[in-house]
Amino acid sequence: MAQFAAGGKETRKKDLAGIAMTYGYVYVAHIAMGADMNQTVKALTEAEAYPGPSLIIAYAPCINHGIRKGMSKAQTEEKLAVEAGYWFNFRYNPALAAEGKDAFSLDSKAPTGDFQEFIKGEARYASLMKVDKEKAARLFEKNEADHKAYYEHLQKLVTLYAGN
């Protein structure tokens, strides 16, 4: 809960990766090293080899997230974020489309963790509960629904960017 959003954030997060993919010539990857080191290395390798601009967006908890387990558990927090459906790993490689291959790879499996439990493990979310429990509960539910919808959107991208 940042100072500018002390009352909670009512709107969805911006989708920088989605915006970059619409250009059609930018390599884009969403990674979380603690969730899948192999996917991280693959994305970095592909981005380096790609003959155009590349954008890698990494989930990286910081001190301001207020991880209750402590910053020494940042890698664990990344894994939990992916398992809970708070963050999704994927890669978009336009060069593969030119070869008739699948350009989009959704590397995250369907969420199996508890989304609400995950966000309550970070002070930036938990602090809203202290200010306004009812509003926090409503925003947490909306946040979870937004993330579920985003995963469904990513699943559709697999089909959309499938090779011919």
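Laboratory data are not the source of any read-out in this text; all were calculated from the coordinates shown. This is a predicted model, so every value here is computed, not measured. Note that we place each Cβ from the backbone using ideal geometry, even for glycine, and neighbour counts take in every protein chain shown.
Key figures for this structure:
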read-out: Qualifying residues in segment 107-128 (those that are buried (at least 18 other Cβ atoms within 10 Å of the Cβ) and not aromatic (F, W, Y)) - the one nearest to the chain's Cα centre (by Cα); value: S108
read-out: Tally of residues being aliphatic (A, V, I, L, M) and either surrounded by 15 or more Cβ atoms within 10 Å (Cβ to Cβ) or within 15 Å of D15 (Cα to Cα) (or both) across segment 155-164; value: 1
read-out: Residues located in segment 129-154, provided they are farther than 17 Å from F115 by Cβ and surrounded by 12 or more Cβ atoms within 10 Å (Cβ to Cβ); value: V131, D132, K135
read-out: Scan of segment 120-138 for residues that are in contact with a Phe, Trp or Tyr (Cβ under 9 Å, 6 or more places away or on another chain) and within 15 Å of R12 (Cβ to Cβ), ordered by number; value: none
read-out: Of residues in segment 18-41 being more than 14 Å from L96 (Cα to Cα) and surrounded by fewer than 18 Cβ atoms within 10 Å (Cβ to Cβ), the one nearest to the chain's Cα centre (by Cα); value: G18
read-out: Residue, farthest from the chain's Cα centre (by Cα), within segment 130-151, restricted to residues that are among the acidic types (D, E) and within 17 Å of A81 (Cα to Cα); value: E141
